[in-house]
Number of protein chains: 2
Amino acid sequence: MKRAVCLLSGGLDSTTCLALAHLDFECYALSFDYGQRHRFELESAAKVAAASGVVHRTLQFDLRQFGGSALTAAIDVPKHRSVTEMGNGIPVTYVPARNTIFLSFALAWAETLGAQDIFLGVNALDYSGYPDCRPEFVEAYTRMANLSTKAGVEGAHLTIHTPLIALSKAGIVQLGTRLGVDFGLTHSCYDPDATGRPCGACDSCLLRLKGFAEAGLKDPLVYP
Amino acid sequence: MKRAVCLLSGGLDSTTCLALAHLDFECYALSFDYGQRHRFELESAAKVAAASGVVHRTLQFDLRQFGGSALTAAIDVPKHRSVTEMGNGIPVTYVPARNTIFLSFALAWAETLGAQDIFLGVNALDYSGYPDCRPEFVEAYTRMANLSTKAGVEGAHLTIHTPLIALSKAGIVQLGTRLGVDFGLTHSCYDPDATGRPCGACDSCLLRLKGFAEAGLKDPLVYP
């Protein structure tokens with residue numbers, strides 16, 4: 001079975017993406033402890049990886065050294081925004097170059113594993129307005145990646161799979177459910193309380209709840 | 001004065017590149033403590049940055065988690081190779097995706113600084129055979145970077161400057177000398193001894209010594 005590196009935040013999207021990759025690949029899950037406000041998601045990533053029986057690594061670095069985002073600096077996470085407000089520009093929860101950084105580490109690991117496949121759970125519909133979740137970004141990244149590595153120079157072709165990119169959040173919830181994902185292990189909130197309980201009001205919580213509602217399913221997480 | 005992020009390893013090339021950038025930009029130097037065998041270079045980077053009076057940050061992460069290189073795993077650094085041998089394929093000192101990772105952090109910092117310029121001291125002549133030092137890599141990276149950030153989406157155009165890319169090592173030594181670089185502060189060796197003294201036999205030492213010899217100048221470092 002071919003190997004694949006799967007970026008795993010511990011959220012609903014990356015967990016579903018991992019479950020999908022796991023059907024066809026030997027998966028190596030990669031998470032990042034980057035100084036995020038919602039560091040609690042790393043516990044979810046570890047639980048998800050353990051439940052899936054995949055190899056899991058967490059790489060540590062501190063993006064608070066640069067700041068510039070509500071997730072890595074003293075900037076309030078927006079609450080109770082409408083879907084229209086969310087769709088209006090790039091939100092303050094955008095972390096500069098985050099997916100570029102994450103994919104770069106995935107690329108390094110893929111090369112040492114001899115893997116030519118990376119899975120990234122971004123979606124461009126019902127999405128958060130982040131520039132580094134768009135198909136044109138993923139295409140440009142793939143092109144660059146194939147020029148940057150020894151494997152690429154030697155003729156291997158890296159593929160970045162984004163199987164969720166055209167799905168709605170409801171579609172992702174339905175897909176994950178079909179794949180047997182335990183969404184009770186996942187975590188989506190940008191601003192959980194000290195015990196890890198989701199706020200239910202940030203963009204990420206609202207999109208998640210909307211996804212479950214539209215899928216006609218119940219989110220197993222407990223909200224305030 | 002416009003701001004620029006300058007990747008600074010503490011070596012001869014990146015130090016000369018920083019001196020050049022410093023003529024026209026307010027420079028923010030960025031180094032990486034990535035578990036490299038030649039960690040001693042970080043002391044040089046700090047000395048160079050202090051001597052230049054620029055802001056300097058060192059980001060920490062551990063590429064030994066992935067290995068795959070003589071610089072990050074228990075693989076011997078090749079010694080006493082001829083220039084022909086060095087030109088024959090990608091050497092074991094290649095670190096998978098290293099420049100991709102480094103540039104990604106530079107991109108993140110540039111965005112939070114409002115900088116649209118990054119300086120990278122790669123050179124493709126007298127070079128080490130690394131795929132991520134080639135012009136086609138830098139071009140593809142730039143295209144990807146401009147699609148990945150909020151600044152790019154809003155119309156800013158990031159430039160990755162590689163002013164040394166077409167210079168020989170001798171040309172870089174001459175340029176640095178004209179710019180007043182103190183090469184005694186720099187460090188190029190992949191395999192220094194415990195006191196930081198360069199081995200004089202790895203590809204990096206040999207290319208450096210060849211550069212000084214061809215420039216008709218003396219390397220201020222002390223070799224065994």
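The values are calculated or read from the model by the stated rules, or taken from the named source; none is laboratory data. Owing to the predicted nature of the structure, the values given are computational and were not obtained by experimental measurement. For neighbour counting, all protein chains shown are included, and Cβ atoms are generated from backbone atoms with ideal geometry for every residue, glycine included.
One residue is enough: does segment A:29-36 have a residue meeting the conditions part of a helix (DSSP H, G or I), within 14 Å of the chain's Cα centre (by Cα), closer than 17 Å to A:Phe102 by Cβ and not polar (S, T, N, Q)? No, the conditions are met nowhere in segment A:29-36.
Tell me, please, whether a residue that is of a type in the set (A, V, I, L, M, F, W, C), touching a strand residue (DSSP E or B) at 6+ places or on another chain (Cβ under 9 Å) and crowded, with 20+ Cβ neighbours inside 10 Å can be found in segment B:183-190. Looking for residues that are of a type in the set (A, V, I, L, M, F, W, C), touching a strand residue (DSSP E or B) at 6+ places or on another chain (Cβ under 9 Å) and crowded, with 20+ Cβ neighbours inside 10 Å, one finds at least one in segment B:183-190, hence yes. The single condition among (1) at pLDDT below 95; (2) assigned to a helix (DSSP H, G or I); (3) more than 30 Å from B:Pro131 (Cβ to Cβ); (4) in contact with a helix residue (DSSP H, G or I) (Cβ under 7 Å, 6 or more places away or on another chain) that A:Gly152 does not satisfy is (3).
Against the criterion of being free of Cβ contacts under 8 Å to residues at least 12 places away in the same chain, of a type outside the set (Phe, Trp, Tyr) and either facing chain B (nearest Cβ under 8 Å) or touching a Phe, Trp or Tyr at 6+ places or on another chain (Cβ under 8 Å) (or both), A:Ala140 qualifies.
Taken together, the residues in segment B:163-208 that are more than 16 Å from B:Gly121 (Cα to Cα), touching an Asp or Glu at 6+ places or on another chain (Cβ under 6 Å) and not in a loop (DSSP other than H, G, I, E, B) amount to 1. Assessment of segment A:164-176 against the conditions (within 12 Å of chain B (Cβ to nearest Cβ) and surrounded by 18 or more Cβ atoms within 10 Å (Cβ to Cβ)) yields no matching residue. Under 30 Å from A:Val92 (Cβ atoms) and within 11 Å of chain A (Cβ to nearest Cβ): does that describe B:Thr159? When the stated conditions are applied, B:Thr159 does not pass them. Residue check: B:Ser104 meets all listed conditions (1) within 14 Å of chain A (Cβ to nearest Cβ); (2) touching a strand residue (DSSP E or B) at 6+ places or on another chain (Cβ under 9 Å); (3) in a helix (DSSP H, G or I) but one, namely (2). Identify all residues within segment B:110-137 that are surrounded by fewer than 24 Cβ atoms within 10 Å (Cβ to Cβ) and either part of a helix (DSSP H, G or I) or of a type in the set (Asp, Glu) (or both); write none if there are none. Hits for segment B:110-137 are B:Thr112, B:Leu113, B:Asp117, B:Asp126, B:Pro131, B:Cys133, B:Pro135, B:Glu136.
One residue stands out among those in segment A:51-79 that are more than 12 Å from chain B (Cβ to nearest Cβ) and modelled with pLDDT of 95 or more: the one that is surrounded by the fewest Cβ atoms within 10 Å (Cβ to Cβ), which is A:Gly53.
For segment A:17-32, does any single residue satisfy the condition of being touching a Gly at 6+ places or on another chain (Cβ under 7 Å), away from chain B (no Cβ under 14 Å) and at pLDDT 95 or above? Scanning segment A:17-32 turns up at least one residue that is touching a Gly at 6+ places or on another chain (Cβ under 7 Å), away from chain B (no Cβ under 14 Å) and at pLDDT 95 or above. Please tell me if B:Val83 is within 14 Å of another protein chain (Cβ to nearest Cβ), within 24 Å of B:Arg134 (Cα to Cα) and either under 15 Å from the mean Cα position of the chain (by Cα) or surrounded by fewer than 20 Cβ atoms within 10 Å (Cβ to Cβ) (or both). Spelling it out, it is not the case that B:Val83 is within 14 Å of another protein chain (Cβ to nearest Cβ), within 24 Å of B:Arg134 (Cα to Cα) and either under 15 Å from the mean Cα position of the chain (by Cα) or surrounded by fewer than 20 Cβ atoms within 10 Å (Cβ to Cβ) (or both). For segment B:181-197, the condition of being over 15 Å from the mean Cα position of the chain (by Cα), within 11 Å of chain A (Cβ to nearest Cβ) and among the hydroxyl-bearing types (Ser, Thr, Tyr) holds for none of the residues. Within segment B:107-122, the set of residues being of a type in the set (Val, Ile, Thr) and more than 10 Å from chain A (Cβ to nearest Cβ) comprises B:Ile118, B:Val122. Checking the stated criteria, A:Thr186 turns out to be farther than 24 Å from A:Glu136 by Cβ and in contact with a Gly (Cβ under 9 Å, 6 or more places away or on another chain).
Among the residues of segment B:24-49, the one identified as farther than 15 Å from B:Ser14 by Cα, of a type in the set (D, E, K, R) and either buried (at least 23 other Cβ atoms within 10 Å of the Cβ) or free of Cβ contacts under 8 Å to residues at least 12 places away in the same chain (or both) is B:Arg39.
Only residues that are surrounded by 14 or more Cβ atoms within 10 Å (Cβ to Cβ) and either under 14 Å from A:Lys79 (Cβ atoms) or in contact (Cβ under 8 Å) with a residue 60 or more places away in the chain (or both) were counted in segment A:207-224, giving 5.
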